[in-house]
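Have a look at the structure below before the remarks.
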Amino acid sequence: MATFASVNPARPTDVIGSFPSSTASDVDRAVATAGEAQPAWARVPVPARGEIIAAAGTLLASRKVELADLVAREAGKILLEAGGDVQEAIDMAHFVAGQSRAAWGETVPSELASKLCWTTRQPVGVVGMITPWNFPVAIPSWKIFPALLAGNGIVIKPSEHAPACCEAFVGACTDAGVPEALVQVVHGHAEPGAALATHPGVGALSFTGSVPTGRAVAASAMESGPRLVSLELGGKNAMVVRPDADLDLATDGAVFGAFGTAGQRCTSTSRLIVHPDVAGPLVDRIVKRAAELVAGDPTNPRADLGPVIDARAGERIAAMVDDAVAEGATVAHGASALHPDGCVGGTFFAPTVLTGVQPDHRIAREEVFGPVLAVLEVADLADAVDVVNSVEYGLSAAVYTSDIGTALSAVDAIDAGIVYVNAPTIGAEIPLPFGGTKHTGNGFREAGTRGIEQFSQVKTVYVDYSGRLQRAQLDNRPTPGAGDGT
Ligand code: NAD
């Protein structure tokens, strides 16, 4: 059987493990196995499913230190952020477990006598999941816990950059009591992903990743059969800083938003849209802080900045920075690879600040997915919002101001799934919906009470116990002059 290695991006000679390159037949087997286990799981009462999910959360909490270490080694996230990744999964477990004892549908008074109307949720059977590497525990948890609560079987194909994290997460679920056959993991890159997306036994496909891959996967998934397809894709997130903003606060937000996780979050701050009156002092502060960030092995608690995921990512980021300079941007800081001690072969990129960026520059329009902040100077609030909205993405945005009217006007006008006021573009919390507008998604939201929607079908039920034919819209609201239809 062909295999591939998962390596530490900070030190690629550190091999995390070897994993099977799953084929389309492996995907067939996985879908069949999960599909056979699913009906029994669907018969487990929802609160009892919730108790098992809560137990998984408790187990994840007891394993948080070792899991965070694995996230740091395999995905290159610094320990603090790796711990946050695991914490998100713990929080998600307990949030979803709570939903098991909350409202499950709607009941609505009927317009007719002796008639009941309600909705309930049906599992879709087997859910196919394709996940990225950058939240290698959190994102599987966002999908797996609500899908389990809804009564489904699961086949997940994690990123080829984070197979061990997914195995460790699924292991905690099965150790907590989720039936082993119910959650199947297949590994590899495009082949198993494409096979899963188009498999006739998959009732819902949930994809998180880049826009180009997501578009292609969704098109083939829709063409090959009727199923729910949900997409959580990339971002080109902007922070708007108005002249009345607290510049220290904005500096903290920009540094964390742009350089946290080495800029490899879907919600990373990629554009700073700042009023010209405060652009100089704000950029000076950000550059000073960027220069102080310590790049290093993510498992070293002193490291502030981990690697980018692989050499290809490093080359892509460098090329985008070169293009920005060619288009007229100025490098205020960074723009080069870094080689921290003890990280031989690691792909580190310096926290980079580019000034003089214009809205039509490539660096202002395309997702970089690296520690690069493009600074655009815009005076008028409406113009700043236009620049925020001028890209094809619509995930997250932030506005920094001390004026409530300015803040709420921006909230109204920004076209994005998530808007922060005086907080960076990163930092979503579990109980609220997560997702974006435009090409960032297709309308579904993860997390929050709506997280279950992409993994279940709503069934509307009418029960008439009057013992006679009752006609909605006809019997109680006859049209004057019309017959009775008999
Ligand atoms: P990617 O699109 O390269 O890969 C995502 C997944 O798709 C991986 O599992 C990959 O193996 C698989 N894949 C690749 N080609 C495929 C194909 N032809 N058929 C089926 N599957 C295929 O993304 P990535 O580099 O892993 O992650 C980074 C991207 O994810 C960024 O664009 C980021 O913004 C986005 N992201 C979005 C969210 C969100 O919730 N909106 C969250 C995290 C990351």
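Every number in this text was worked out from the coordinates using simple rules, so none of it is lab data. Predicted model only: the values in this text are computed from it and were never measured. Cβ sites come from the backbone with ideal geometry, for glycine too, and all protein chains shown count toward neighbours.
Distance from the Cα centroid of the range 65-131 to that of the range 166-239 is 15 Å (rounded to whole angstrom).
Taking a ≥ b ≥ c as the square roots of the Cα gyration tensor eigenvalues, the range 108-244 comes out oblate, since a/c reaches at least 1.5 and a/b does not exceed b/c. So what's the angle, to the nearest 10 degrees on a 0 to 90 scale, between helix 276-292 and the longest Cα principal axis of the chain? Compared with the principal axis, the helix lies near 80 degrees. The alpha-carbon of K157 sits under 30 angstrom from the alpha-carbons of these lysines, leaving out residues fewer than 8 places away in its chain: K64, K77, K143, K236, K438, K459.
When Rg and Dmax are taken over the Cα atoms of the chain, they come to 24.6, 88 Å.
Over the chain, what is the relative contact order in percent, taking alpha-carbon pairs closer than 8 angstrom and at least six residues apart? Relative CO of the chain lands at 19 percent. Dipole of the chain computed with +1 at Lys/Arg Cβ and -1 at Asp/Glu Cβ about the Cα centre; of A335, T120, P136, farthest Cα towards the positive end is T120.
Spin-label model, R477/A42: points 7 Å from Cα along the beta carbon direction are separated by 3.4 nm.
Quick one: net charge of M129's neighbours, Cβ under 10 Å, K/R +1, D/E -1? Intermediate results must be reported in sequence, preceding the final value.
Working: positive: K143, K157; negative: none.
Summing Lys and Arg as +1 and Asp and Glu as -1 gives +2.
Mind checking the range 1-84 for trypsin sites (Lys or Arg not before Pro) that DSSP puts in a loop (not H, G, I, E or B) and that have at most 14 other Cβ atoms within 10 Å? Show your work: numbers first, answer last.
Values: sites: R29, R43, R49, R63, K64, R73, K77; in loops: R63, K77.
Hits after loop and neighbour filter: nothing returned.
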